[in-house]
Amino acid sequence: MKKMKFFSVVMVFALSVFLFAGCGGSGSSSSDSSSSSDSEQTYTQDFTLNNQTGIDIYELYLSPNGDDNWGTSLLSSGTTIPNGQSVPITFNTDVQDQYWDLKVADSAGGSVEWTKIDLFTVSEITLTIENGTPTATFK
């Protein structure tokens, strides 16, 4: 009887050690890997930009809808988008917003904005200025 009781206690202890060791190890490593991947997530929202504005575009900015922080131009220094030209725009961001505002600037620094562009569904944007009003069409 004593042997059976001793054997039961040893088995419960061994099982407890096994369970606690297994839970602790997988829980912390899973937590570490998920927080690491969340902070490094990049969203690709590329599109083709057709410039039909009547002006050459010297600077191009995107900002989450309603945010006035434009950051740096998506165009490399010295790069322009001439009127009538189409160019692919590569836009990778850590912000997962669906709607974005777009701003372009000409050589004199004048700028025009288009708001609430759905970059989740748009693959092509054609910018125009009609009677002084910026308009855009989407595909």
Q: Being under 11 Å from Leu49 (Cα atoms) and surrounded by 13 or more Cβ atoms within 10 Å (Cβ to Cβ) is the filter here, so list the residues in the range 103-124 that pass it.
A: Val122, Glu124
Q. Does Asp94 qualify as being of a type outside the set (Lys, Arg), exposed (fewer than 10 other Cβ atoms within 10 Å of the Cβ) and either at pLDDT below 95 or within 18 Å of the chain's Cα centre (by Cα) (or both)?
A. yes
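Quick check on the range 63-85: of everything there that is hydroxyl-bearing (Ser, Thr, Tyr) and surrounded by 14 or more Cβ atoms within 10 Å (Cβ to Cβ), which residue is nearest to Asn51 (Cα to Cα)? Explain how you work it out, then say what you get.
Of all residues in the range 63-85, those hydroxyl-bearing (Ser, Thr, Tyr) come to 63, 72-73, 76-77, 79-80.
Next, from what is left, pick out any that are surrounded by 14 or more Cβ atoms within 10 Å (Cβ to Cβ): 63, 73, 80.
Numbers: Ser63: 19, Ser73: 16, Thr80: 11 Å.
Restricting to residues being hydroxyl-bearing (Ser, Thr, Tyr) and surrounded by 14 or more Cβ atoms within 10 Å (Cβ to Cβ), the top hit is Thr80.
Filter the range 54-90 down to the residues that are within 16 Å of Lys116 (Cα to Cα) and either in a loop (DSSP other than H, G, I, E, B) or among the β-branched types (Val, Ile, Thr) (or both) and list them by number. Spell out how you get there, then give the answer.
Restricting attention to the range 54-90, the residues satisfying the condition of being within 16 Å of Lys116 (Cα to Cα) are 60-70.
Listed by number, the residues that qualify are Asn65, Gly66, Asp67, Asp68, Asn69, Trp70.
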(Q) Restricting to the range 91-139, give me the number of residues that are β-branched (Val, Ile, Thr), touching a residue at least 60 places away in the same chain (Cβ under 8 Å) and part of a strand (DSSP E or B). (A) 4
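The values are calculated or read from the model by the stated rules, or taken from the named source; none is laboratory data. Remember, predicted model here, so these are calculated numbers, not experimental data. Counting neighbours? That spans all protein chains shown, and the Cβs are built from the backbone with ideal geometry, glycine included.
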